[in-house]
Amino acid sequence: MGALDHEHGVAFRVWAPNAESVHVTGDFNDWDDEATPLEREGGGYWYGDVAGATAGQGYKFVIGARGERFARIDPYARAVTSSVGNGIIVSRAHEKHDFEMPPWNRLVMYEMHVGTFHRTQDNEVGTFEDAIRRLDHLKKLGVSAVQVMPAMEFAGDVSLGYNPAHIFAIESSYGGPEAFRNFIRAAHEAGIAVILDVVYNHFGPSDLDLWRFDGWGESDKGGIYFYNDWRSNTPWGDTRPDYGRPEVRQFIRDNALFWLDEYGLDGLRFDMTLYMRTVKGDENDPEDALEDGWSLMRWINEEVRDRFPGRIIIAEDLRNQDILTAAPADGGAGFGAQWDAEFVHPIRAVLVAQDDARRDMGMVARALSHAYNGDPYQRVVYTESHDEVANGKARVVHEIAPGDPSHWAAQKRSTLGAALTLTAPGIPMLFQGQEFLQGEWFQDTVPLDWDRSEEFHGIIRLYRDLIRFRLDRMGVTAGLGGRHIALTRIDEDQKVVAYRRWHEGGPGDDVMIVANFSHEPKRPYRVGFPEAGHWVLRLNSDWKGYSDDFANFESADVTAEAEPLDDLPASAGVAIGSYSLLIYSKDPQRE
């Protein structure tokens, strides 16, 4: 489909079943809309081969129907001059994928909005070239994947990206397709996987050439690419694709596989799948279900599992349904992981509560131990995302201390949340700027304040240390990448939670974590340990090296004695500061 370049020219194919004629016009025929007709192929498809046409030239289809003629951008256009401009012929290039995708238990993701992540003074919006200049920051931070918010061509130059107008074309204001390829190559060279956010629950709704693409439509609806009845309605406009029409299913499936194949991406994140599998989000109403949307998601996931093993497809559904990440053979949709509302919402509630008495340790325990289908790595855990810090909500630091992200409580409790995220089983995710206390709320017009990365370099170090232990880069915390968690202490009176993380167990693997959700330090506070002996304090989030405002509470190594406690065979007294988290492990036994 689309513009297919070859040695002698370019072939064009388009689906327009209600058209009476289709021509292609462009730089190759001086934009003569009568010079190059396409021929019917059957099934509503039109095709033509244009000798001398070449990559880099602009083009459009001119459709004749119902006594009218109108120009349309190719739905499969791989580049456009703008959302209301022309398509651009792009040579098909299948990016060699020699990057080794990390195992999912070694993913630490960083959600990035290209337009605001890094912006030079000359640019109204950030570009992929700008983002490349900050990849060294992410490499030093230690993240192993970036999740890029939607970068498909949208209306205008400034957007969150959730209004895609041309889903095969990279946003022109971000630099277009070659800039994205350069970004992917640079990220891979830095050891960072790239995951792209895609939007299939609606298109547009503005600058949408797909709307009545070949002139046909019913009841003021959108025509061949959309439902033409009540199912078209979404929270974002009247533009839900018709998941039951074979050509539209193919269009969406082709797009998903296109990113993995031609760009060599390491994964995709599907935006709000609830509105692909239901019309209004009412799971209790059988009439609201979109079985065609469900089967489309399953089809795509089956193909990805077969053709691209190891790549990850993530669902944002937020209804906590195991079936989203269950295998297709078991009746599931087959997603690799899903954003976990059972983590983010209770953890944020505990962090932003102004009174310690309102912090519920049972909520924390349930959030830490939640899993889908018994597999904690089928979930993505986070305290901040583009959804959680916009649309009436704000950054965690702003929710705690409005207007003052450097406030002691904001620093302490936001980093406590990050420490929980990076020590919980699941795939952890950060949102851009979280690591240097970016305040207020996320807006697509406001770039990150990189001066804060200097001001709060200690907080960045805390994030870096947490990621280093999460990924066991010191060889002493392997259990943080394991599947197992045991909540060994849930103390509502003292507002303390302790938990054991492990893969196989033993020195260098077993990790004990103690988290204090109270402004009162605890000393001594006795907790259970998996075995007796010397336990090394790997991280104390209250260390003054992380912030001059921290108390540097005198937490230290402990020697656990063979005195059972918390259903563990040993115990020791620990000292922990206000709103702090401690990570303990034993040195591995050397051969």
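Kindly provide the set of residues from region 281-303 that are closer than 15 Å to R240 by Cα, in contact with a strand residue (DSSP E or B) (Cβ under 9 Å, 6 or more places away or on another chain) and not in a helix (DSSP H, G or I), ordered by number.
A289, L290, listed by residue number.
Hey, does region 177-189 have a residue that's small (G, A, S), more than 18 Å from the chain's Cα centre (by Cα) and at pLDDT 95 or above?
Taking every residue of region 177-189 in turn, at least one turns out to be small (G, A, S), more than 18 Å from the chain's Cα centre (by Cα) and at pLDDT 95 or above.
In region 367-394, how many are farther than 27 Å from L487 by Cβ and under 17 Å from the mean Cα position of the chain (by Cα)?
Step one: list which residues in region 367-394 are farther than 27 Å from L487 by Cβ, which gives 386-387, 389-394.
Now restrict to residues that are under 17 Å from the mean Cα position of the chain (by Cα): 386-387, 389-390.
Number satisfying all stated conditions: 4.
Just a yes or no: is a residue in region 442-460 open to solvent by 20 Å² or more (accessible area, probe 1.4 Å), touching a residue at least 40 places away in the same chain (Cβ under 8 Å) and at positive phi?
Looking through region 442-460, none of the residues is open to solvent by 20 Å² or more (accessible area, probe 1.4 Å), touching a residue at least 40 places away in the same chain (Cβ under 8 Å) and at positive phi.
So that you can scan it fast, the table gives a plain yes or no per residue for (1) under 19 Å from I485 (Cα atoms); (2) not hydrophobic (A, V, I, L, M, F, W, C):
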site	(1), (2)
F553	no, no
D557	no, yes
L565	yes, no
L568	yes, no
A572	no, no
G577	no, yes
S580	no, yes
Y584	yes, yes
D587	no, yes
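Restricting to region 166-198, what's the tally of residues that are closer than 24 Å to M1 by Cβ, free of Cβ contacts under 8 Å to residues at least 60 places away in the same chain and surrounded by 24 or more Cβ atoms within 10 Å (Cβ to Cβ)?
1
Kindly list the number of the only condition in (1) of a type outside the set (D, E); (2) in contact (Cβ under 8 Å) with a residue 60 or more places away in the chain; (3) surrounded by fewer than 22 Cβ atoms within 10 Å (Cβ to Cβ) that fails for G479.
Status for G479: all satisfied but (3).
Could you grab the pairs with beta carbons closer than 9 Å, sequence gap of 6+ or different chains, first residue in region 284-297 and open to solvent by 60 Å² or more (accessible area, probe 1.4 Å), second one of a type in the set (A, V, I, L, M)?
Filtered contacts from region 284-297: E287/V279.
Let's see how each residue does on (1) over 30 Å from E454 (Cβ atoms); (2) in a strand (DSSP E or B):
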residue	(1), (2)
P507	yes, no
Y525	yes, yes
E531	yes, no
L539	no, yes
D549	no, no
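Strands (runs of 3 or more DSSP E) wholly in region 51-165 with at least 1 residues that are open to solvent by 50 Å² or more (accessible area, probe 1.4 Å) - which ones?
68-72
Filter region 6-50 down to the residues that are small (G, A, S) and assigned to a strand (DSSP E or B) and list them by number.
Residues satisfying the conditions are G9, A11, S21, G26, G42, G48.
Residue under question is R319, and the condition is that it be basic (K, R) and farther than 21 Å from Y200 by Cβ; does it hold?
Here the answer is no, as R319 does not meet what is asked.
So, of the residues in region 532-579 that are of a type in the set (V, I, T) and exposed (fewer than 15 other Cβ atoms within 10 Å of the Cβ), which turns out to be nearest to the chain's Cα centre (by Cα)?
The extreme case among them is V536.
Which is surrounded by fewer than 21 Cβ atoms within 10 Å (Cβ to Cβ), in contact (Cβ under 8 Å) with a residue 12 or more places away in the chain and of a type in the set (K, R), of R253, R240?
After applying the criteria, what remains is R253.
Mind checking whether some residue in region 510-524 is more than 32 Å from the chain's Cα centre (by Cα) and of a type in the set (F, W, Y)?
Scanning region 510-524, I find no residue that is more than 32 Å from the chain's Cα centre (by Cα) and of a type in the set (F, W, Y), so the answer is no.
The values are calculated or read from the model by the stated rules, or taken from the named source; none is laboratory data. Keep in mind the model is a prediction, meaning the values are calculated, not measured. Note: ideal-geometry Cβ built from the backbone for every residue, glycine included; neighbour counts use all protein chains shown. Surface accessibility is based on the protein's heavy atoms, side chains included, excluding ligands, DNA and RNA. Shrake-Rupley method; radii C 1.70, N 1.55, O 1.52, S 1.80 Å.
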